[in-house]
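> One structure is given below, represented as structure tokens, and several questions about it will come after.
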Amino acid sequence: MFLSRTQQVLIVLSLIALASCALYGLVTYAGAYRAAKEEVKFQESPFPPIEKPETLLVHVAGRVKKPGVYELKCGARVRDALAAAQGATPDADVHALNLAAFLRDGEKIWVPSRQEAVAGTVHLEVPSAAASRVASSSSPRRAALNPSASQLKHHRINLNTATVEQLQQLPHIGPVLAERIVLYRREHGRFTRLEDLLNVPGIGEKKLARIREYITL
């Protein structure tokens, strides 16, 4: 079957028209898809991302060459804080601290002298797991964490600076009451008199009388 020239022209024009429609549809779909993708990409999230701080502030005090507040990178350890304070003084006992412990923002690190370390007046909070390991040890450190009554009378626990671990050295003060004392201090400020302990839940007149000779302000 032979087509006339006119029929051939019409067929070619029809094919061109179909190709043009298909191309137009493809371009339109691609543009719409790209626009939708960009809209999703740049759409503002109702929950803004949480920015993690890159630095932390710690207060280094005690037997160091340059006490003060230092800004360190997150993930820094106690040894980094000592280095920032230009190291410990010759009479310091740096081994009373856990030099490998991670620092927390707002933490105060007290570097004790050798006499303070023996008396158990270390002001760096020790993780509970590490504290239990130290308490179960038979080394001289055990005496520092669990002093006798005579030692406590001579080196009284300061209610305004003692850590949870140090408060547990007091008779009849367990971890729960020690946590409550520290929490009360954070919420209400320094203790101005020993009787302020009566405001701490769980501490009454009898308990205060039992620990009065072992505490100070």
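> So L183 ticks every box in (1) assigned to a helix (DSSP H, G or I); (2) modelled with pLDDT under 85 but one. Which box is left unticked?
(2)
> Can you find a residue in the stretch 187-194 that is among the hydroxyl-bearing types (S, T, Y), at pLDDT 85 or above and within 25 Å of the chain's Cα centre (by Cα)?
Taking every residue of the stretch 187-194 in turn, none turns out to be among the hydroxyl-bearing types (S, T, Y), at pLDDT 85 or above and within 25 Å of the chain's Cα centre (by Cα).
> In the stretch 167-217, how many residues are of a type in the set (D, E), in contact with a helix residue (DSSP H, G or I) (Cβ under 8 Å, 6 or more places away or on another chain) and surrounded by fewer than 13 Cβ atoms within 10 Å (Cβ to Cβ)?
Number of matching residues: 3.
> Across the stretch 55-112, what is the total count of residues that are touching a residue at least 12 places away in the same chain (Cβ under 8 Å), assigned to a loop (DSSP other than H, G, I, E, B) and over 19 Å from E165 (Cα atoms)?
13
The values are calculated or read from the model by the stated rules, or taken from the named source; none is laboratory data. All figures in this text were calculated on a predicted structure; none of them were measured in a lab. All Cβ positions, glycine included, derive from the backbone under ideal geometry; neighbour counts span all protein chains shown.
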